[in-house]
Every structure is written in C-alpha cells, then in structure tokens.
Amino acid sequence: MTGSSDTDEVSTEHSSVSTWMQALGTATGNPGGGAASGLMLAIAAGLTAMVAGYTRATHAAEDASGHGEHGSEAEATIAALRGRAEARSELALRLADEDAHASRAFGSAFHLPAGVERDEAIRAASIEAAAASARMGEHAVDAIDDLAWLTEHGNPALIADVAVAIGALRAAITGARTNVSFDLGSVRSAHGTLEEVRADEPRLWELVPVFDRALERIDRLAAWIDSEAAPTDAVS
C-alpha cells in the first residue's frame, strides 16, 4: 500500500477481526487469498484444539482398544494433539501475515516500468509468494493426521465441529495448492517458461501434487463422518 508504514498495515496479531476483514475486502491484495488461507488453517487448528479439549481419554481409549491403546496412552495422545493444534493455530496466523507481505511485494513488482529490473523483481516476488503459500500448505497437510484421529476417537458430541475443521483445512490446502501453482506460473511474466520454472524450482513444483493428494484424503474424511455430522441427509 503506497505511502503506508508498517504500523498502518493490518495484521492478525494487532488488528481486530473486523479490521482485518475490511482490509481483505479492499482492492490492495494485502491481505489476499493466501493470507485468507492461513486464517482458514488457524480456524481448523483452533477447532481441533477445542475438540481435543472436550475429548475424554476414557472414551478415546475405548474407541482405540482394538489398536492396543490404553487410557494413559490416550490421555498422552490427546494432550500432544491439543498442543500441536494450539501451536499450529498461532503459527498459521504468522504465516498469514507473511503471505500478506509477500502479496504486497508481488503486486509492487508488476507496477515497475518494463525492463530488466521489473523482470527480476517479478521473478523474485513470484517465487517468494509461492514459497509463502507452500509453507502454509505444508503445515496444513501436517494437520490432517490429528483431525483424522479426532474423526475416529474424538468426542462424538462435537463431530459437527470436526466437520467444520475439515472444511476449513480443505480451504487452506486448496488455497496453498492454487497459489503455489499460480505464483510459479507468474514467473512467465518475466519471460520464463513453465519448463524453466520447473527446473529452477523443483521442490515448489512438486508440492502441487502433494496438495492434490492431501485434498483427496480430506474429502474421504469428510465423507466418512458425514452421516454422523449431518444426519438429516439420511431422511428422504
């Protein structure tokens, strides 16, 4: 945002939800879709922590008895899961702010006068924007296991909250997958080709199918619990 200082910018740490959402709706792209994806990951993680907090070790142990898990083990599993979710929620908000900064640099690069400096700026900003989305997406993929555990062993009274968390996590990974792919494609504006981008950034490139497979897994989880989370669908 031209003419603004860092203190004028919104952030997930210092801004209210309403202020952040107002900034999201302005035509600046800072924050934009990538930052919104980070917020969705934070929501998924927060709900995961909440459901874990309501899950009793005795119930989880009964559900997991076929796998040899006892009450003390279930209690440790729940505590570790909740700790990861709480930490992931905080991290996701930081990643949302990082993506917002990358988005600003991305937009600024395209406003430079045509020439070598512009091409270099576009290439650097595109790769950094892709990397920011990739970091968020990788943390979102890591969150699937914990939600999968809760779908099977979590407090059944909160299965609808698990379903919402799954939906939020899906949105986060969809955003990461799309933004990584789009940002890598934007390098072509600096007179590159997709083949050159793939050769130069193999790790970022290979994350796109990783995210695709993660989305397939999330969809299977959502389908598995749908009859419990939304029982009215069973009534014709």
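Things to note:
- Matching the structure-derived P(r) over Cα pairs in 10 Å bins from 0, in percent against the labelled list (1) 8, 31, 33, 20, 7, 1, 0; (2) 8, 28, 29, 20, 10, 4, 0; (3) 8, 32, 37, 20, 3, 0 gives the label (2).
- Fully extending the segment from S18 to D200, taken as 0.36 nm per residue of separation minus the present Cα-Cα distance, adds 61.5 nm.
- Rolling a 1.4 Å probe over the protein heavy atoms leaves W205 with an accessible area of roughly 70 Å².
- Most fluctuating residue given options R94, R213, R82, as computed from a GNM of the chain linking Cα atoms under 10 Å: R213
- Segments 116-123, 138-145, 95-102 sorted - mean Cβ within 10 Å per residue, highest first: 95-102, 138-145, 116-123
- Taken about its Cα centre, the chain carries a charge dipole of roughly 320 debye when the Cβ of each Lys and Arg holds +1 and the Cβ of each Asp and Glu holds -1.
- Considering only A125, V10, A190, and ranking their Cα positions along the charge dipole of the chain that arises from unit charges at the beta-carbon of Lys, Arg, Asp and Glu, the one farthest toward the positive end is A190.
- 3J(HN,Hα) from dihedral phi, the stretch 137-149, Karplus parametrisation 6.51/-1.76/1.60, rounded to Hz, x for glycine, proline: x, 5, 5, 5, 4, 4, 7, 5, 4, 5, 5, 4, 5
- Around H191: net Lys/Arg minus Asp/Glu count, Cβ-Cβ under 10 Å: 0
- For T12, distant residues with modelled amide H under 5 Å away: D97
- Heavy atoms of M21 accessible to a 1.4 Å probe, total area in Å² rounded to 10: 90
- Counting only DSSP H runs of at least 4 residues, each contributing -39500 (n - 2.57), and dividing by the residue count of the chain, the helix-based mean residue ellipticity at 222 nm comes to -26000 deg cm²/dmol.
- Here the Karplus relation 6.51 cos²θ - 1.76 cosθ + 1.60, evaluated at θ = phi - 60°, turns the backbone of the stretch 176-182 into coupling constants of 5, 4, 5, 5, 4, 5, 5 Hz, with x for every Gly and Pro.
- Area accessible to solvent at I43, 1.4 Å probe radius, in Å²: 80
- Dipole of the chain [Lys/Arg +1, Asp/Glu -1 at C-beta], most positive-end residue of A199, I43, F106: F106
- Prolate/oblate/rounded label for the stretch 123-236 (Cα gyration tensor, a/c 1.5): prolate
- Residue ranking by accessible heavy-atom surface, 1.4 Å probe, largest first, among F110, F182 comes out as F182, F110.
- When the Cα positions of A163, G175, L150 are compared along the charge dipole of the stretch 140-183, G175 comes out farthest toward the positive end, with charges on each C-beta of Lys, Arg, Asp and Glu.
The values are calculated or read from the model by the stated rules, or taken from the named source; none is laboratory data. Keep in mind that what you see is a predicted model, and the values were worked out from it rather than measured. Every residue, glycine among them, receives a Cβ derived from its backbone with ideal geometry; neighbour counts consider all protein chains shown. Protein only, heavy atoms only, side chains kept; ligands, DNA and RNA dropped before computing areas. Shrake-Rupley method; radii C 1.70, N 1.55, O 1.52, S 1.80 Å.
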